[in-house]
Amino acid sequence: MKLATLFFTLMLFFQNAYASEMPQDELLKKMIGRMLIVGFDDESVTKDSKIVKHMQNYHLGGVILFDRHYSNRDKTKNISSPKQLETLTSSLKSFSKKPLLISVDQEGGKVARLKPAYGFETTPSAHVVAEMDEYMARHIYNALAKTLKDGGINCNFAPVVDLAINPKNRVIVGLKRSYSSEPKEVIKYAKIALDSLQKENIIGVIKHFPGHGSSLGDSHNGFVDISKTWSEVELEPYKELIKSGDAHMIMTAHVFNENLDELYPATLSYKINTELLREKLGFNGVVVSDDLQMGAIAKHYTLEQIVTLSINAGVDMLLFGNQLSYQDIDELVETILIQIKNGAIPLSRILESNERVEQLFTNTKIE
């Protein structure tokens, strides 16, 4: 679709949906809002909750749920039981004026927000699943998808398709989040996971592009350089899953590789997200950032730089988990708005991302 036609279509859409005489800034804020996935602190919400106000004012693209507060593991954040989760997600959907991604990190093993201690079924780690045959793996992931569906979750930040290349890697290999060091094995089990999720109309998000399995450091804490450890074989799962049509949403990694981009980590890199992922590998779906409050990004860039670089790099949805730190959503939207109005972020990027986000909801039948 040509840019002018797309812009005209979106303007008509917003005018018909919201008002016939709406200021341009308000339209832009809603377009910005569709590009945001944010975290919040509540176990339940009402019409007066801050997150509900943000959903309604900005038409947020999504929210992300956590079970515990990062700084206080004894304090519940969003998830405490199956019934509570179902009530929370139902409320969020009822208050949202647009289709809403309700997302979690439910990989299995140590990375699970829906834990047996709260009454949810156990999901093994990717490493453990890969020791099973395909029949058992499908059984595991069918059960996981049903658990997510019953809880009202429609987006899972999984499966991990990082290769277990570096045995000293703590954040992926050490936590048993990788299926294998062999691309064919990773692809096989990732496809099973994605197929199970898709059957329940849940979006699976493959991660972390262009590969985090060879790293030595943890991007939660700070700068991670994979220039000397990364190899092109780490792209194989992405190539195959894009080619097969299984990849609807891909999450970026906050890793730096001077061989791919001498200036920026992957999340902020046009060379990696647009030239490599979109143009070379042919991905047409939604690119979502990893949490932009992680140390690898937040410790080295201002908010203005983060939103400008990531959007211009080709990222369609910006994730602010409000878990590692707190980001005011009004300030976030206003910062992006200013960058659009002063020309630092082209309007074309906002239109492109909005089109991809709406297409994602349509293609995956998320309502």
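The values are calculated or read from the model by the stated rules, or taken from the named source; none is laboratory data. The shown structure was predicted, so the numbers you read here are calculated from the model rather than taken from an experiment. When we count neighbours, we look across all protein chains shown, and the Cβ atoms used for this are built from the backbone with ideal geometry, even at glycine.
Overview of values
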read-out: Flag if THR302 is crowded, with 16+ Cβ neighbours inside 10 Å and over 21 Å from GLU358 (Cα atoms); value: no
read-out: Some residue of the range 248-267 being buried (at least 17 other Cβ atoms within 10 Å of the Cβ) and part of a helix (DSSP H, G or I); value: yes
read-out: Enumerated strands (runs of 3 or more DSSP E) restricted to the range 22-109, each holding at least 2 residues that are buried (at least 18 other Cβ atoms within 10 Å of the Cβ); value: 36-39, 62-64, 101-104, 106-108
read-out: Cβ-Cβ under 7 Å pairs, at least 6 apart or on other chains, the range 122-145 side within 14 Å of LEU175 (Cβ to Cβ), far side among the basic types (Lys, Arg); value: SER125/LYS110; SER125/LYS176; SER125/ARG177; ALA126/LYS176; ALA126/ARG177; HIS127/LYS176; VAL128/LYS176
read-out: Qualifying residue in the range 234-242 (condition: part of a loop (DSSP other than H, G, I, E, B), closer than 18 Å to LEU163 by Cβ and not β-branched (Val, Ile, Thr)); value: no
read-out: Filtered residues of the range 321-367 (kept if of a type in the set (Asp, Glu) and closer than 16 Å to LEU36 by Cα); value: ASP328, ASP330, GLU331, GLU334, GLU352, GLU355, GLU358
read-out: Test: ASP330 is over 21 Å from VAL287 (Cβ atoms), at pLDDT 95 or above and not small (Gly, Ala, Ser); value: yes
read-out: Failed item in (1) surrounded by fewer than 23 Cβ atoms within 10 Å (Cβ to Cβ); (2) touching a strand residue (DSSP E or B) at 6+ places or on another chain (Cβ under 7 Å), with GLU331 passing the rest; value: (2)
read-out: Odd one out for LYS168 among (1) among the charged types (D, E, K, R); (2) on the phi > 0 side of the Ramachandran plot; (3) at pLDDT below 95; value: (2)
read-out: Failed item in (1) of a type in the set (Gly, Ala, Ser); (2) within 26 Å of THR362 (Cα to Cα); (3) surrounded by fewer than 18 Cβ atoms within 10 Å (Cβ to Cβ), with GLY204 passing the rest; value: (3)
read-out: Qualifying residues in the range 58-87 (those that are more than 19 Å from GLU107 (Cβ to Cβ) and β-branched (Val, Ile, Thr)) - the one modelled with the highest pLDDT; value: THR87
read-out: Residues within the range 171-200 that are among the basic types (Lys, Arg) and either crowded, with 24+ Cβ neighbours inside 10 Å or closer than 17 Å to ALA112 by Cα (or both), tallied; value: 2
read-out: Those residues of the range 110-135 which are in a loop (DSSP other than H, G, I, E, B), of a type in the set (A, V, I, L, M, F, W, C) and under 22 Å from GLN84 (Cβ atoms), in sequence order; value: LEU114, PHE120
read-out: Flag for MET294 being touching a Leu at 6+ places or on another chain (Cβ under 8 Å) and farther than 15 Å from LEU36 by Cα; value: yes
read-out: Hits in the range 286-326 - residues which are under 19 Å from GLY343 (Cα atoms) and not hydrophobic (A, V, I, L, M, F, W, C); value: THR302, GLU304, GLN305, THR308, SER310, ASN312, GLY314, ASP316
read-out: Residue that is surrounded by the fewest Cβ atoms within 10 Å (Cβ to Cβ) [pool: residues in the range 310-328 that are among the small types (Gly, Ala, Ser) and not in a helix (DSSP H, G or I)]; value: SER325
